[in-house]
């Protein structure tokens, strides 16, 4: 690592640099000492990278942070409703939806993401002037937006389509013509958590 940084005329800010150790709950921690210019890089259990809070991939900390930001967006939409009722849909997409959608392909399938969906339904009910118990499916259609989990699937599909030249199909690996020949090859893993 030191050689690579020196060779590329780069330096490393040790105040902002640390590393995470990804392992299963059953395995014991490995004592690793990573240094740069004879200074040790600190091991951490949580870090922020490009707006995503990364932990042991449970995404709980990220969803908690998102809930804070989305709650502020919810409050703002609720408060401006009486002044700009016609522009609430635009406010939803420019404020709430952008925060909700950022990095969704990473954390959207986490256990805690149900809280984001619940808050999305509350915002939709505010925008459409509906009651708390009203069914949201028709309200979402009326606003021409996707529910949280559909947005997650849509984002995954968009990612696959935009990056299909980097993905490997079964026909490249297996030279037998089958009905699954054009499907993408999924990595083989031994952990169900993967």
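Normalise the Debye intensity by I(0) for the chain, one equal point scatterer per Cα, no solvent, then take log10 at q = 0.12, 0.19 Å⁻¹ and round to two decimals.
-0.86, -1.26
Based only on other Cβ atoms within 10 Å, what is the fewest-to-most ordering of 97, 175, 62, 180?
175, 180, 97, 62
If you fit an axis through the alpha-carbon atoms of helix 60-80 and take the longest principal axis of the Cα set of the chain, what angle between them do you get, 0 to 90°, nearest 10?
On a 0 to 90 degree scale, this one is about 30.
Find the all-direction average of the projected area of the Cα convex hull for the stretch 57-161, expressing the result in square nanometres with one decimal place.
Taking the Cα atoms of the stretch 57-161, their convex hull projects to 6.6 nm² on average.
Just want to confirm a number: the relative contact order over the chain, from Cα pairs under 8 angstrom separated by 6+ residues, in percent.
Relative contact order comes out at 13 percent.
Just rank 102, 152, fewest to most, by other beta-carbon atoms within 10 angstrom.
Ordered by Cβ neighbours within 10 Å, fewest first: 102, 152.
Quick one: plug the Kirkwood hydrodynamic radius of the stretch 2-44 (C-alpha pairs) into Stokes-Einstein at 37 °C, 0.692 mPa s, and report D in µm²/s.
271
Round to the nearest 10 and give me the degree value, 0 to 90, for the angle of helix 114-127's Cα axis relative to the longest principal axis of the chain.
Value to nearest ten degrees: 30.
Evaluate the relative contact order of the stretch 135-194 (contact order divided by residue number), counting alpha-carbon pairs under 8 angstrom at least 6 apart; express in whole percent.
20
If you rank 136, 164 by fewest surrounding Cβ atoms within 10 Å, what's the result?
164, 136
Which of 26, 13, 112 moves most in a GNM of the chain, Cα contacts under 10 Å?
Maximum fluctuation in the GNM of the chain, among the listed residues, is at 26.
Each value in this text was obtained by applying a stated rule to the coordinates, not by laboratory testing. What you see is a predicted model; the values in this text were computed from it and never measured. When we count neighbours, we look across all protein chains shown, and the Cβ atoms used for this are built from the backbone with ideal geometry, even at glycine.
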